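First comes the structure, then the notes that go with it.
The values are calculated or read from the model by the stated rules, or taken from the named source; none is laboratory data. For clarity, every value in this text was computed on a predicted model and none was experimentally measured. Cβ: placed from backbone, ideal geometry, glycine included. Neighbour counts: every protein chain shown.
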Amino acid sequence: MSLPLFKNDEPLVKPAAQVLSLPARVQARKFMFAPILRKIATAVVPPLVTVIALLLIWQILCDKPGATLPAPTVVWKEAKDLIIDPFFVYGTQDVGLGWRVLVSLERVAIGFGLAAVAGILVGSLIGQSDWAMRGLDPVFQVLRTVPPLAWLPISLAAFRDSSPSAIFVIFITSIWPIIINTAVGIRNIPMDYRNVAAVLRLNAFEFFYRIMIPSAAPYIFTGLRIGIGLAWLAIVAAEMLTGGVGIGFFIWDAWNSSRLPDIVVALVYIGLVGFVLDRVVGFLGNLATRGTAAS
Amino acid sequence: MERPYLKIDHVSKTFQRGGAVSEVLKDVSLVINKGEYVSVIGHSGCGKSTLLNMVSGLLPVTSGAILLEDREVNSPGPDRAVVFQNHSLLPWLSVYDNVKLAVDKVFSRTRSRTERHEWTMHNLELVQMAHAKDKRPAEISGGMKQRVGLARALSMEPKVLLLDEPFGALDALTRAHLQDSVMQIHASLGNTVIMITHDVDEAVLLSDRIVMLTNGPAAHVGEVLDVGLGRPRKRLELVSNTQYIKAREGVLKFLYERHRFVEAA
């Protein structure tokens, strides 16, 4: 054992003094992959282990005859088409989960988009004006505690149609954190920036988009991120009650026809999409607030 | 007699918080001529910055009036550009855009797009910051930020340039560098400048006159010293200049003999 080691050591010592940069470069290139692989491994392996462990526990618990819930193997066997092909179309009501998620996402996009615009505007007003704060804040603090689904009957009565009602529920659920966080962000604009704006005589509109929005952007994106999470929570519940093609109604439909494996697959879809939505808003926030964060 | 350019006429300032009324400045009068460089010096808390903020219009005067070319100052505006102590650059804009924002706002009607671009670059060159025009404020040093702040103020072509302890947060070497730049710019453009400072050497080196405020509360102008040194001034030559030493002594005596800051111990 000691002999080959000694032999390997010898050539390393000799050229080290003569050529330094060239071997080092080759080495660096070779080692490039290792850290990346290690990084991926450290990110992927722990959650993978957790998932496998959870699936195993689930399998053991539900594998007995007479179990109330389907085991993972049963889910795979019975809902294979849903898992493998998210975009099949067999009929108007029989489509893949990908399509259903897209329909739900469209509703969220409209409701959340409106909430974002309205929330930022109203939040700016509350942050900027003491009187708007005094007048609106107590009302909003009460309204924001109303659960999303409690709004549904009222909106159904008002809109007399399920689709705008679902969108309204998204809107009303996700707007509060956007308003509140925007207002806090506006209140925290440093006096210096306000002084600069005053010396330059920026008008209200210029002040809004030159100073307020960029300065409050980190807060606004915190609000948007909470808001999109709430919106996704609410859409599933709202669709269960309003019907249509969305993922929420799919769950309700599957429950009514006792297709438990389908529900399990839908839950996974919902979780993954919610995760992606959160990350997308977070990523946009990072992009938009690079400047403000580093001051 | 020359017509006064900027006139601070019996200005007083009181702040009210709850029931407590505190009188910060009382009966401050001062006349500043065009092209003059005036420093305001005093112990911390005496109301130097309050005075400057009133000239800039960021704070309203309680009584008295401030007149710039015979017109009363009662709101902020680009004719009284301020260089703030902590630079106050907008961190989400590049160096260029920070200056351009001011140029676009002030000259939106009077100059074309290319003229505004050239004017922005001209002012960045004036403070030797053209090389960093695409950097964000977070990427440049404190002295550089202050230079950009100066460029932003200069670019507005203000009637009065207000410097609020502009070099206070900088190290001694950077400060000296910037002081030289300000002297050069003042020599070539002939701006009217009011500078707040608590640095005696800085005041004597840069100013034509030094206004010394007494300790607050109710601070007033204790003494006005004519520096009486010719320009251009050279830092090294002044060290042994008798006039410089005399002026320096005058300010020091005022600050440390007659108006010793009791609370500072």
Item to check | Residue among B:S63, B:S56, B:S75, B:S94 that alone is away from chain A (no Cβ under 12 Å) and farther than 10 Å from B:R152 by Cβ | outcome: B:S63
Next on the checklist: With the structure loaded, tell me whether B:L89 is within 14 Å of chain A (Cβ to nearest Cβ), more than 15 Å from the chain's Cα centre (by Cα), in a loop (DSSP other than H, G, I, E, B) and under 28 Å from B:V61 (Cα atoms) or whether it fails that test.
Outcome noted: yes
Checklist outcome for this item: Within the range B:120-130, residues buried (at least 20 other Cβ atoms within 10 Å of the Cβ) and not in a loop (DSSP other than H, G, I, E, B) come out as B:T120, B:N123, B:L124
Item to check | Filter pass, A:I175 being more than 30 Å from B:D164 (Cβ to Cβ), surrounded by 23 or more Cβ atoms within 10 Å (Cβ to Cβ) and within 14 Å of chain B (Cβ to nearest Cβ) | outcome: no
Next on the checklist: Condition first: surrounded by fewer than 20 Cβ atoms within 10 Å (Cβ to Cβ), assigned to a helix (DSSP H, G or I) and in contact (Cβ under 8 Å) with a residue 12 or more places away in the chain. Now tell me which residues in the range B:133-142 satisfy that.
Outcome noted: B:A138, B:G142
Next on the checklist: Among the residues of the range A:160-167, are any in a helix (DSSP H, G or I), within 22 Å of the chain's Cα centre (by Cα) and among the hydrophobic types (A, V, I, L, M, F, W, C)?
Outcome noted: yes
Next on the checklist: Here's a check for you: in the range A:264-295, which residue that is within 14 Å of chain B (Cβ to nearest Cβ) and surrounded by 15 or more Cβ atoms within 10 Å (Cβ to Cβ) is modelled with the lowest pLDDT?
Outcome noted: A:G291
Checklist entry - Residues of the range A:82-135 being at pLDDT below 90 and either exposed (fewer than 14 other Cβ atoms within 10 Å of the Cβ) or under 30 Å from A:R187 (Cβ atoms) (or both), which ones? => result A:I84, A:D85, A:F87, A:V89, A:Y90, A:G91, A:T92, A:Q93, A:D94
Checklist entry - Out of B:A65, B:A81, which single residue is surrounded by fewer than 15 Cβ atoms within 10 Å (Cβ to Cβ), of a type in the set (A, V, I, L, M) and not in a helix (DSSP H, G or I)? => result B:A65
Next on the checklist: Take the residues in the range B:97-119 that are away from chain A (no Cβ under 14 Å) and either of a type in the set (S, T, N, Q) or within 24 Å of the chain's Cα centre (by Cα) (or both); name whichever of them is surrounded by the most Cβ atoms within 10 Å (Cβ to Cβ).
Outcome noted: B:W119
Item to check | Complete set of residues in the range A:229-239 that are surrounded by fewer than 24 Cβ atoms within 10 Å (Cβ to Cβ) and touching a Ser or Thr at 6+ places or on another chain (Cβ under 8 Å) | outcome: A:L230, A:L233, A:V236
Item to check | helices (runs of 4 or more DSSP H) wholly inside the range A:198-293 containing at least 3 residues that are within 18 Å of A:E106 (Cβ to Cβ) | outcome: A:213-242, A:247-256, A:260-288
Next on the checklist: With the requirement that a residue be surrounded by fewer than 18 Cβ atoms within 10 Å (Cβ to Cβ) and in contact (Cβ under 8 Å) with a residue 40 or more places away in the chain, what does the range A:141-156 give you?
Outcome noted: A:L149
Checklist outcome for this item: Being within 14 Å of chain B (Cβ to nearest Cβ) and either part of a helix (DSSP H, G or I) or under 30 Å from B:S75 (Cβ atoms) (or both) narrows A:N195, A:N181 down to just A:N195
Item to check | Hits in the range B:1-34 - residues which are within 18 Å of B:R71 (Cα to Cα) and touching a Gly at 6+ places or on another chain (Cβ under 6 Å) | outcome: B:D9, B:H10, B:V11
Next on the checklist: Can you pull out every residue in the range B:227-249 that is in contact (Cβ under 8 Å) with a residue 40 or more places away in the chain and either more than 10 Å from B:L205 (Cα to Cα) or not in a helix (DSSP H, G or I) (or both)?
Outcome noted: B:R231, B:P232, B:R233
Checklist outcome for this item: From the option list A:P261, A:P218, single residue qualifying as on the phi < 0 side of the Ramachandran plot, more than 14 Å from chain B (Cβ to nearest Cβ) and not β-branched (V, I, T) is A:P261
Item to check | Matching option when the condition is of a type in the set (S, T, Y), surrounded by 23 or more Cβ atoms within 10 Å (Cβ to Cβ) and within 27 Å of B:R258 (Cα to Cα), among B:S29, B:S12, B:S39, B:S22 | outcome: B:S39
